[in-house]
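Heads up, the thing below is written out as structure tokens.
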Amino acid sequence: MKNNSKPLDIMSFKNSGLKLYDIQPEECRKPLVISDENTNWRPHIKRLFEFDPRPIYDRINEESLLNPYMRQCTVSISFLFPKVKGICSCGCGKVLEGRRTRWASDDCEHFARAVFSIISGYSDSIRTYRSLFLGDGWIHCEICGPDSFREQIELDHIFPVKFGGGGGWLSNYQFKCKTCHRKKTNADFGFKQKTKNIQGFSLDNISIHL
Ligand SMILES: [Zn+2]
Ligand SMILES: [Zn+2]
């Protein structure tokens, strides 16, 4: 494994000849496991949680369009959901009616944009969908459980971006309290972070230099 302190830019990634699947484990792209019926989900949220993103990732892999070493990736919505004449782009198969030129319904568009924002690594969207998925009314550490709510909760890439876990599905994200997050990061990178760096530690703004 290459030991870069900086993530590869997309051209260097493409030129390296590496593909997404050479780098990321299956966990980064697997669909979520829905444990119980949550009737409060809006239709596009329910569809998002039941969605198997692997066919999309297969195409991304072929084209090397997504840079898995970046937290935020550039992959276009029109690549993820190509326009089909007269048919909804979201994959639902519905015929476009009236003035609609791309999405058969608002739910179709919301669904497609949600998929796009997750794969693109927009952390606000990922936080929102992950917390809706947990369905507990507040965000808590997924390691220590609901008692952790007093601590600041951070969003963790289970398979780290540093090793190619960027651009993964919701299944590659987990909420962790600072303590669990620090333990996990130390285990991933094989070193202890200095205590003074722990304040405000978040995978959205930290840069780790090995
Ligand atoms: Zn549709
Ligand atoms: Zn915890």
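The values are calculated or read from the model by the stated rules, or taken from the named source; none is laboratory data. Just so you know, these numbers come straight off a predicted model, no measurement behind them. Note: ideal-geometry Cβ built from the backbone for every residue, glycine included; neighbour counts use all protein chains shown.
Assorted remarks:
- When SER148, SER78 are checked against the criterion of being away from ligand 1 (no atom under 16 Å from the Cβ) and part of a helix (DSSP H, G or I), SER148 stands alone in meeting it.
- Test for ILE119: is it among the aliphatic types (A, V, I, L, M) and either more than 10 Å from ligand 1 (Cβ to nearest atom) or closer than 30 Å to LYS176 by Cβ (or both): yes
- For CYS90, the conditions (1) in a loop (DSSP other than H, G, I, E, B); (2) surrounded by fewer than 19 Cβ atoms within 10 Å (Cβ to Cβ) all hold with the exception of (2).
- Counting the residues of segment 79-103 that are touching a strand residue (DSSP E or B) at 6+ places or on another chain (Cβ under 7 Å) and among the hydrophobic types (A, V, I, L, M, F, W, C) gives 3.
- Complete set of residues in segment 7-22 that are within 16 Å of GLN72 (Cα to Cα) and in contact (Cβ under 8 Å) with a residue 12 or more places away in the chain: PRO7, LEU8, ASP9, ILE10, PHE13, LEU20
- When THR101, THR128 are screened for being more than 16 Å from ligand 1 (Cβ to nearest atom), of a type in the set (Ser, Thr, Tyr) and over 30 Å from SER12 (Cα atoms), only THR128 passes.
- Residue check for GLY98: modelled with pLDDT of 90 or more and either surrounded by fewer than 14 Cβ atoms within 10 Å (Cβ to Cβ) or assigned to a helix (DSSP H, G or I) (or both): yes
- Selection within segment 99-119 - within 16 Å of PHE79 (Cα to Cα) and of a type in the set (Ser, Thr, Tyr): SER117
- Among residues of segment 158-173 being modelled with pLDDT under 95 and outside any loop (DSSP other than H, G, I, E, B), the one that is surrounded by the fewest Cβ atoms within 10 Å (Cβ to Cβ) is PHE163.
- Residue check, ASP58 within 20 Å of SER117 (Cα to Cα), touching a Pro at 6+ places or on another chain (Cβ under 9 Å) and acidic (Asp, Glu): no
- Qualifying residue in segment 51-68 (condition: modelled with pLDDT of 95 or more, aliphatic (A, V, I, L, M), away from ligand 2 (no atom under 16 Å from the Cβ) and surrounded by fewer than 18 Cβ atoms within 10 Å (Cβ to Cβ)): no
- Of the residues examined, LEU48 is not one that is part of a loop (DSSP other than H, G, I, E, B) and closer than 15 Å to LEU170 by Cβ.
- Hey, PHE111 buried (at least 19 other Cβ atoms within 10 Å of the Cβ), in a loop (DSSP other than H, G, I, E, B) and touching a helix residue (DSSP H, G or I) at 6+ places or on another chain (Cβ under 6 Å) or not: no
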